[in-house]
1. Quick one: which strands (runs of 3 or more DSSP E) sit completely within the stretch 222-291 and have at least 2 residues that are under 23 Å from the mean Cα position of the chain (by Cα) and either modelled with pLDDT of 95 or more or under 25 Å from residue 312 (Cβ atoms) (or both)?
2. It is to be established whether one or more residues within the stretch 298-305 are closer than 19 Å to residue 110 by Cβ, part of a loop (DSSP other than H, G, I, E, B) and open to solvent by less than 10 Å² (accessible area, probe 1.4 Å).
3. Considering each residue of the stretch 301-321, count those that are of a type in the set (D, E, K, R) and either closer than 19 Å to residue 240 by Cα or in contact with a helix residue (DSSP H, G or I) (Cβ under 8 Å, 6 or more places away or on another chain) (or both), and give that number.
4. So if I check each of 105, 126, 83, 77, which one is within 18 Å of the chain's Cα centre (by Cα) and open to solvent by less than 30 Å² (accessible area, probe 1.4 Å)?
5. Within the stretch 318-346, work out how many residues are under 16 Å from residue 290 (Cβ atoms) and either under 14 Å from the mean Cα position of the chain (by Cα) or crowded, with 18+ Cβ neighbours inside 10 Å (or both).
6. Here are 192, 176: which of them is in contact (Cβ under 8 Å) with a residue 60 or more places away in the chain and not acidic (Asp, Glu)?
7. Can you pull out every residue in the stretch 81-97 that is assigned to a loop (DSSP other than H, G, I, E, B) and within 23 Å of residue 110 (Cβ to Cβ)?
8. Of 199, 162, 195, 188, which residue is part of a helix (DSSP H, G or I), loosely packed, with under 12 Cβ neighbours inside 10 Å and among the hydroxyl-bearing types (Ser, Thr, Tyr)?
Amino acid sequence: MNRIYLLAFIFLSFALQAQEFTIQVKVKQIVPQRKIYLEFLNARGQAIKIDSLSPDQNNSAVFRGKVLENGGFYLINFYDIANPQKVLVILEGNESILVEADGVNLPDKPGTYSVTGESINIKMMNQVMAISKGLEKKVIAWNAEIQKTPASQTRIQKEFETAQNAALSQIKALIPQMGANLVVLWTTNFLPAETEMATLEIIADKLRAARPNHVQIKPFLENLKRLKGISIGSEAPEISLPSPNGEKITLSSLRGKYVLIDFWASWCGPCRRENPNVIKTYARFKDKGFEIFGVSLDQDKSAWLKAIDTDQLTWKHVSDLQYWNSVAAQAYQVSAIPMTFMLDKEGKIMAKGLRGASLDQFLENLFKGK
(Lines give C-alpha, C1' and ligand atoms only; values in the text may rest on other atoms or scores of the structure.)
Protein backbone atom coordinates (compact mmCIF):
# COMPACT_ATOMS: atom_id res chain seq x y z
CA MET A 1 0.00 0.00 0.00
CA ASN A 2 2.85 2.38 0.82
CA ARG A 3 4.33 1.73 -2.62
CA ILE A 4 1.03 2.73 -4.23
CA TYR A 5 1.04 5.99 -2.30
CA LEU A 6 4.65 6.59 -3.34
CA LEU A 7 3.88 6.02 -7.02
CA ALA A 8 0.86 8.33 -6.80
CA PHE A 9 3.03 11.03 -5.20
CA ILE A 10 5.69 10.68 -7.92
CA PHE A 11 3.05 10.90 -10.64
CA LEU A 12 1.46 13.99 -9.05
CA SER A 13 4.86 15.66 -8.66
CA PHE A 14 5.66 15.03 -12.33
CA ALA A 15 2.27 16.38 -13.44
CA LEU A 16 2.75 19.57 -11.45
CA GLN A 17 6.29 19.99 -12.76
CA ALA A 18 5.08 19.51 -16.35
CA GLN A 19 2.85 22.56 -15.97
CA GLU A 20 5.67 24.84 -14.85
CA PHE A 21 7.67 27.24 -17.02
CA THR A 22 10.67 29.54 -16.72
CA ILE A 23 11.23 32.56 -18.96
CA GLN A 24 14.54 34.37 -18.63
CA VAL A 25 14.41 37.84 -20.18
CA LYS A 26 17.57 39.75 -21.09
CA VAL A 27 16.99 43.32 -22.26
CA LYS A 28 19.46 45.77 -23.80
CA GLN A 29 17.72 49.03 -22.92
CA ILE A 30 16.25 49.96 -19.56
CA VAL A 31 13.41 52.42 -19.04
CA PRO A 32 13.77 53.88 -15.52
CA GLN A 33 10.95 53.13 -13.09
CA ARG A 34 9.31 50.78 -15.60
CA LYS A 35 8.76 47.04 -15.32
CA ILE A 36 8.65 44.16 -17.76
CA TYR A 37 5.24 42.46 -17.86
CA LEU A 38 4.16 38.91 -18.60
CA GLU A 39 0.74 38.86 -20.26
CA PHE A 40 -1.64 36.06 -21.21
CA LEU A 41 -3.78 36.29 -24.33
CA ASN A 42 -7.27 35.11 -23.50
CA ALA A 43 -9.82 33.60 -25.90
CA ARG A 44 -10.85 37.07 -27.12
CA GLY A 45 -7.29 38.12 -27.87
CA GLN A 46 -7.09 40.43 -24.86
CA ALA A 47 -3.71 40.71 -23.13
CA ILE A 48 -4.13 40.09 -19.38
CA LYS A 49 -1.20 41.06 -17.15
CA ILE A 50 -0.31 38.16 -14.85
CA ASP A 51 3.16 39.12 -13.56
CA SER A 52 5.69 41.98 -13.60
CA LEU A 53 9.37 42.31 -12.77
CA SER A 54 11.99 45.04 -12.72
CA PRO A 55 15.23 44.15 -14.54
CA ASP A 56 18.14 43.43 -12.16
CA GLN A 57 21.64 44.89 -12.34
CA ASN A 58 22.41 42.53 -15.22
CA ASN A 59 19.39 43.78 -17.23
CA SER A 60 17.72 40.45 -16.64
CA ALA A 61 14.41 39.21 -15.23
CA VAL A 62 13.13 35.67 -14.71
CA PHE A 63 9.44 34.78 -14.82
CA ARG A 64 8.36 31.49 -13.24
CA GLY A 65 4.93 30.00 -12.93
CA LYS A 66 2.41 27.43 -14.09
CA VAL A 67 0.74 27.64 -17.47
CA LEU A 68 -2.83 28.85 -17.62
CA GLU A 69 -5.63 27.03 -19.49
CA ASN A 70 -3.39 24.04 -20.31
CA GLY A 71 -1.08 26.26 -22.29
CA GLY A 72 -1.49 29.29 -24.48
CA PHE A 73 -0.04 32.43 -26.04
CA TYR A 74 1.88 34.83 -23.81
CA LEU A 75 3.44 38.25 -24.40
CA ILE A 76 6.54 39.77 -22.89
CA ASN A 77 5.53 43.44 -22.71
CA PHE A 78 8.55 45.70 -22.25
CA TYR A 79 7.70 48.57 -19.92
CA ASP A 80 4.05 48.99 -21.04
CA ILE A 81 4.86 52.33 -22.67
CA ALA A 82 3.40 53.90 -25.80
CA ASN A 83 4.10 51.55 -28.72
CA PRO A 84 5.87 48.98 -26.50
CA GLN A 85 8.01 46.18 -27.83
CA LYS A 86 6.13 42.92 -27.30
CA VAL A 87 7.47 39.41 -27.85
CA LEU A 88 5.17 36.41 -28.29
CA VAL A 89 5.99 33.08 -26.62
CA ILE A 90 3.97 29.86 -26.62
CA LEU A 91 3.85 27.95 -23.34
CA GLU A 92 2.39 24.52 -22.68
CA GLY A 93 4.37 23.57 -19.58
CA ASN A 94 7.78 22.10 -18.75
CA GLU A 95 9.59 24.85 -20.68
CA SER A 96 12.68 26.92 -20.10
CA ILE A 97 12.88 29.84 -22.53
CA LEU A 98 15.35 32.66 -23.10
CA VAL A 99 14.08 35.95 -24.55
CA GLU A 100 16.69 38.51 -25.61
CA ALA A 101 15.37 41.86 -26.83
CA ASP A 102 16.21 45.51 -27.39
CA GLY A 103 13.27 46.45 -25.15
CA VAL A 104 12.07 49.50 -27.11
CA ASN A 105 10.77 50.33 -30.55
CA LEU A 106 12.24 53.39 -32.24
CA PRO A 107 10.06 55.47 -34.62
CA ASP A 108 11.97 54.25 -37.68
CA LYS A 109 13.26 50.93 -36.36
CA PRO A 110 11.30 48.25 -34.49
CA GLY A 111 13.17 46.56 -31.66
CA THR A 112 14.87 43.25 -32.46
CA TYR A 113 14.56 40.08 -30.37
CA SER A 114 15.23 36.37 -30.24
CA VAL A 115 13.46 33.52 -28.45
CA THR A 116 15.30 30.27 -27.79
CA GLY A 117 14.31 27.06 -26.04
CA GLU A 118 14.02 23.30 -26.49
CA SER A 119 10.23 23.08 -26.76
CA ILE A 120 8.71 22.11 -30.10
CA ASN A 121 6.61 25.29 -30.01
CA ILE A 122 9.66 27.55 -29.87
CA LYS A 123 11.69 25.53 -32.39
CA MET A 124 8.88 25.41 -34.95
CA MET A 125 7.97 29.05 -34.37
CA ASN A 126 11.55 30.11 -35.08
CA GLN A 127 11.66 28.08 -38.28
CA VAL A 128 8.43 29.63 -39.57
CA MET A 129 9.61 33.13 -38.64
CA ALA A 130 12.92 32.57 -40.47
CA ILE A 131 11.01 31.67 -43.64
CA SER A 132 8.73 34.69 -43.28
CA LYS A 133 11.59 37.11 -42.59
CA GLY A 134 13.50 35.75 -45.59
CA LEU A 135 10.56 36.63 -47.83
CA GLU A 136 10.16 40.02 -46.14
CA LYS A 137 13.80 40.94 -46.90
CA LYS A 138 13.25 40.12 -50.56
CA VAL A 139 10.09 42.25 -50.66
CA ILE A 140 11.96 45.24 -49.19
CA ALA A 141 14.66 44.90 -51.83
CA TRP A 142 12.10 44.52 -54.63
CA ASN A 143 10.18 47.59 -53.51
CA ALA A 144 13.39 49.61 -53.51
CA GLU A 145 14.21 48.38 -57.01
CA ILE A 146 10.74 49.28 -58.29
CA GLN A 147 11.16 52.81 -56.96
CA LYS A 148 14.43 53.19 -58.89
CA THR A 149 13.35 51.27 -61.99
CA PRO A 150 9.54 51.19 -62.45
CA ALA A 151 9.91 49.08 -65.60
CA SER A 152 11.13 46.19 -63.42
CA GLN A 153 7.71 45.76 -61.79
CA THR A 154 6.43 43.05 -64.13
CA ARG A 155 9.54 40.92 -63.64
CA ILE A 156 9.52 41.50 -59.89
CA GLN A 157 5.85 40.55 -59.62
CA LYS A 158 6.66 37.13 -61.11
CA GLU A 159 9.67 36.74 -58.81
CA PHE A 160 7.55 37.73 -55.82
CA GLU A 161 4.84 35.18 -56.62
CA THR A 162 7.46 32.46 -57.05
CA ALA A 163 9.15 33.35 -53.74
CA GLN A 164 5.81 33.64 -51.93
CA ASN A 165 4.71 30.21 -53.14
CA ALA A 166 8.08 28.72 -52.17
CA ALA A 167 7.83 30.19 -48.65
CA LEU A 168 4.30 28.89 -48.26
CA SER A 169 5.40 25.41 -49.34
CA GLN A 170 8.23 25.48 -46.80
CA ILE A 171 5.86 26.45 -44.01
CA LYS A 172 3.32 23.79 -44.97
CA ALA A 173 6.09 21.17 -44.97
CA LEU A 174 6.71 21.92 -41.28
CA ILE A 175 3.09 21.47 -40.20
CA PRO A 176 3.13 17.65 -39.80
CA GLN A 177 6.01 18.02 -37.31
CA MET A 178 3.93 20.37 -35.15
CA GLY A 179 1.30 17.78 -34.25
CA ALA A 180 -1.44 19.29 -32.08
CA ASN A 181 0.93 21.65 -30.28
CA LEU A 182 -0.21 25.27 -30.14
CA VAL A 183 2.44 26.39 -32.61
CA VAL A 184 0.30 24.85 -35.36
CA LEU A 185 -2.54 27.17 -34.35
CA TRP A 186 -0.17 30.17 -34.55
CA THR A 187 1.09 29.00 -37.95
CA THR A 188 -2.42 29.33 -39.42
CA ASN A 189 -1.72 33.10 -39.53
CA PHE A 190 0.62 32.38 -42.46
CA LEU A 191 -1.95 30.34 -44.41
CA PRO A 192 -4.26 32.51 -46.55
CA ALA A 193 -7.74 31.05 -46.31
CA GLU A 194 -8.59 31.83 -49.93
CA THR A 195 -5.96 29.35 -51.16
CA GLU A 196 -5.22 27.15 -48.13
CA MET A 197 -8.65 26.22 -46.80
CA ALA A 198 -7.89 22.51 -47.26
CA THR A 199 -4.74 22.83 -45.12
CA LEU A 200 -6.61 24.82 -42.49
CA GLU A 201 -9.29 22.13 -42.32
CA ILE A 202 -6.61 19.44 -41.82
CA ILE A 203 -5.21 21.45 -38.92
CA ALA A 204 -8.71 21.99 -37.53
CA ASP A 205 -9.44 18.24 -37.65
CA LYS A 206 -6.19 17.53 -35.80
CA LEU A 207 -6.87 20.10 -33.09
CA ARG A 208 -10.52 19.13 -32.80
CA ALA A 209 -9.55 15.52 -32.13
CA ALA A 210 -6.78 16.34 -29.66
CA ARG A 211 -7.92 19.48 -27.82
CA PRO A 212 -11.49 20.46 -28.75
CA ASN A 213 -12.16 22.44 -25.57
CA HIS A 214 -8.94 24.44 -25.39
CA VAL A 215 -9.70 28.11 -24.72
CA GLN A 216 -7.79 29.33 -27.79
CA ILE A 217 -8.52 26.43 -30.12
CA LYS A 218 -12.31 26.65 -29.81
CA PRO A 219 -12.49 30.18 -31.30
CA PHE A 220 -10.28 29.06 -34.20
CA LEU A 221 -12.59 26.13 -34.96
CA GLU A 222 -15.64 28.37 -34.79
CA ASN A 223 -14.01 31.10 -36.89
CA LEU A 224 -12.98 28.62 -39.55
CA LYS A 225 -16.61 27.65 -40.03
CA ARG A 226 -17.60 31.29 -40.48
CA LEU A 227 -14.54 32.02 -42.59
CA LYS A 228 -15.89 29.84 -45.37
CA GLY A 229 -18.63 32.45 -45.75
CA ILE A 230 -16.10 35.31 -46.32
CA SER A 231 -15.12 33.97 -49.70
CA ILE A 232 -14.25 35.60 -53.00
CA GLY A 233 -17.43 36.46 -54.85
CA SER A 234 -19.51 36.90 -51.70
CA GLU A 235 -20.92 40.25 -50.62
CA ALA A 236 -18.69 42.02 -48.11
CA PRO A 237 -20.27 42.36 -44.64
CA GLU A 238 -21.28 45.92 -43.81
CA ILE A 239 -18.97 48.00 -41.62
CA SER A 240 -20.32 51.07 -39.83
CA LEU A 241 -17.81 52.56 -37.39
CA PRO A 242 -16.68 55.97 -36.11
CA SER A 243 -14.16 58.02 -38.06
CA PRO A 244 -11.42 59.98 -36.23
CA ASN A 245 -13.84 62.90 -35.74
CA GLY A 246 -16.52 60.60 -34.31
CA GLU A 247 -18.78 60.56 -37.36
CA LYS A 248 -19.84 57.09 -38.45
CA ILE A 249 -18.82 55.99 -41.94
CA THR A 250 -20.34 52.97 -43.65
CA LEU A 251 -18.55 50.74 -46.08
CA SER A 252 -21.62 50.67 -48.31
CA SER A 253 -21.35 54.45 -48.79
CA LEU A 254 -18.38 53.74 -51.08
CA ARG A 255 -20.38 51.64 -53.56
CA GLY A 256 -19.50 52.54 -57.12
CA LYS A 257 -15.76 52.47 -56.37
CA TYR A 258 -13.23 49.70 -56.09
CA VAL A 259 -12.48 49.58 -52.36
CA LEU A 260 -9.56 48.10 -50.45
CA ILE A 261 -10.51 47.34 -46.84
CA ASP A 262 -7.23 47.65 -44.96
CA PHE A 263 -7.15 46.14 -41.44
CA TRP A 264 -4.21 47.63 -39.54
CA ALA A 265 -3.18 49.28 -36.23
CA SER A 266 -0.70 51.84 -34.96
CA TRP A 267 1.06 49.11 -32.93
CA CYS A 268 1.45 46.78 -35.93
CA GLY A 269 5.05 47.03 -37.19
CA PRO A 270 4.44 45.30 -40.57
CA CYS A 271 1.42 47.57 -41.14
CA ARG A 272 3.41 50.73 -40.50
CA ARG A 273 6.28 49.57 -42.72
CA GLU A 274 3.79 48.82 -45.50
CA ASN A 275 2.10 52.24 -45.30
CA PRO A 276 4.57 54.12 -47.55
CA ASN A 277 3.86 51.61 -50.33
CA VAL A 278 0.10 51.93 -49.80
CA ILE A 279 0.37 55.72 -50.01
CA LYS A 280 2.05 55.49 -53.40
CA THR A 281 -0.53 53.00 -54.62
CA TYR A 282 -3.39 55.23 -53.46
CA ALA A 283 -1.90 58.30 -55.17
CA ARG A 284 -1.55 56.33 -58.39
CA PHE A 285 -5.08 54.92 -58.59
CA LYS A 286 -7.40 57.11 -56.48
CA ASP A 287 -8.50 59.22 -59.46
CA LYS A 288 -9.46 56.09 -61.39
CA GLY A 289 -12.15 54.99 -58.95
CA PHE A 290 -10.05 53.37 -56.22
CA GLU A 291 -10.65 54.01 -52.51
CA ILE A 292 -9.17 52.69 -49.26
CA PHE A 293 -11.24 52.03 -46.15
CA GLY A 294 -8.83 51.76 -43.21
CA VAL A 295 -10.10 49.75 -40.23
CA SER A 296 -7.86 50.11 -37.18
CA LEU A 297 -7.62 47.52 -34.39
CA ASP A 298 -6.24 50.12 -31.99
CA GLN A 299 -7.37 50.59 -28.40
CA ASP A 300 -5.82 54.01 -27.80
CA LYS A 301 -7.46 56.74 -29.90
CA SER A 302 -4.51 59.11 -29.56
CA ALA A 303 -2.10 56.45 -30.85
CA TRP A 304 -4.45 55.75 -33.77
CA LEU A 305 -4.74 59.44 -34.70
CA LYS A 306 -0.99 60.00 -34.31
CA ALA A 307 -0.22 57.09 -36.65
CA ILE A 308 -2.61 58.46 -39.29
CA ASP A 309 -0.96 61.87 -39.05
CA THR A 310 2.64 60.64 -38.85
CA ASP A 311 2.28 58.21 -41.77
CA GLN A 312 0.18 60.76 -43.74
CA LEU A 313 -2.66 58.36 -44.50
CA THR A 314 -5.17 60.48 -46.41
CA TRP A 315 -7.90 57.91 -47.08
CA LYS A 316 -10.98 57.10 -44.97
CA HIS A 317 -10.43 55.63 -41.50
CA VAL A 318 -12.71 54.02 -38.92
CA SER A 319 -12.29 52.19 -35.61
CA ASP A 320 -14.33 51.14 -32.58
CA LEU A 321 -11.05 50.98 -30.57
CA GLN A 322 -11.78 47.43 -29.46
CA TYR A 323 -8.49 45.80 -30.47
CA TRP A 324 -9.06 42.21 -31.69
CA ASN A 325 -12.65 42.46 -30.43
CA SER A 326 -13.48 44.96 -33.18
CA VAL A 327 -16.85 44.07 -34.66
CA ALA A 328 -15.37 44.56 -38.12
CA ALA A 329 -12.43 42.23 -37.45
CA GLN A 330 -14.82 39.60 -36.14
CA ALA A 331 -17.17 39.96 -39.12
CA TYR A 332 -14.25 39.43 -41.51
CA GLN A 333 -12.55 36.81 -39.31
CA VAL A 334 -9.33 38.82 -39.17
CA SER A 335 -6.81 37.01 -36.95
CA ALA A 336 -3.63 38.71 -38.19
CA ILE A 337 -2.77 42.13 -39.60
CA PRO A 338 -2.10 43.66 -42.02
CA MET A 339 -5.04 42.06 -43.84
CA THR A 340 -6.86 43.41 -46.88
CA PHE A 341 -10.05 42.71 -48.83
CA MET A 342 -10.53 44.12 -52.34
CA LEU A 343 -14.16 44.88 -53.26
CA ASP A 344 -15.71 45.55 -56.64
CA LYS A 345 -18.11 48.41 -57.36
CA GLU A 346 -21.05 46.34 -56.10
CA GLY A 347 -19.37 45.58 -52.77
CA LYS A 348 -18.42 41.98 -53.54
CA ILE A 349 -15.06 40.52 -52.54
CA MET A 350 -12.68 40.26 -55.50
CA ALA A 351 -9.47 39.29 -53.70
CA LYS A 352 -7.96 38.97 -50.22
CA GLY A 353 -4.54 39.60 -48.74
CA LEU A 354 -3.25 41.92 -51.48
CA ARG A 355 -0.18 43.92 -50.46
CA GLY A 356 2.85 45.57 -52.01
CA ALA A 357 3.68 44.47 -55.54
CA SER A 358 0.70 42.10 -55.72
CA LEU A 359 -1.71 44.96 -54.95
CA ASP A 360 -0.12 47.23 -57.56
CA GLN A 361 -0.25 44.49 -60.19
CA PHE A 362 -3.91 43.72 -59.39
CA LEU A 363 -4.92 47.38 -59.73
CA GLU A 364 -2.83 47.84 -62.85
CA ASN A 365 -4.68 44.96 -64.49
CA LEU A 366 -8.02 46.20 -63.15
CA PHE A 367 -7.64 49.73 -64.50
CA LYS A 368 -5.83 48.81 -67.71
CA GLY A 369 -7.27 50.91 -70.50
CA LYS A 370 -9.38 53.00 -68.12
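1. In the stretch 222-291, 258-264 are the strands (runs of 3 or more DSSP E) which contain 2 or more residues that are under 23 Å from the mean Cα position of the chain (by Cα) and either modelled with pLDDT of 95 or more or under 25 Å from residue 312 (Cβ atoms) (or both).
2. Looking for residues that are closer than 19 Å to residue 110 by Cβ, part of a loop (DSSP other than H, G, I, E, B) and open to solvent by less than 10 Å² (accessible area, probe 1.4 Å), one finds at least one in the stretch 298-305, hence yes.
3. 4
4. Just a single option satisfies the conditions, and that option is 77.
5. 4
6. Working: 176 fails: in contact (Cβ under 8 Å) with a residue 60 or more places away in the chain.
None of the other options fit; the residue is 192.
7. 81, 82, 83, 84, 85 - these are the residues of the stretch 81-97 that are assigned to a loop (DSSP other than H, G, I, E, B) and within 23 Å of residue 110 (Cβ to Cβ).
8. Just one listed residue meets the conditions, 162.
The values are calculated or read from the model by the stated rules, or taken from the named source; none is laboratory data. Every value quoted in this text rests on a predicted model; they were computed, and no experiment measured them. Methodologically, a virtual Cβ is constructed for each residue, glycine included, from the backbone with ideal geometry; neighbour enumeration extends over all protein chains shown. Just the protein is used for accessible areas: all its heavy atoms, side chains included, with ligands, DNA and RNA removed. Shrake-Rupley method; radii C 1.70, N 1.55, O 1.52, S 1.80 Å.
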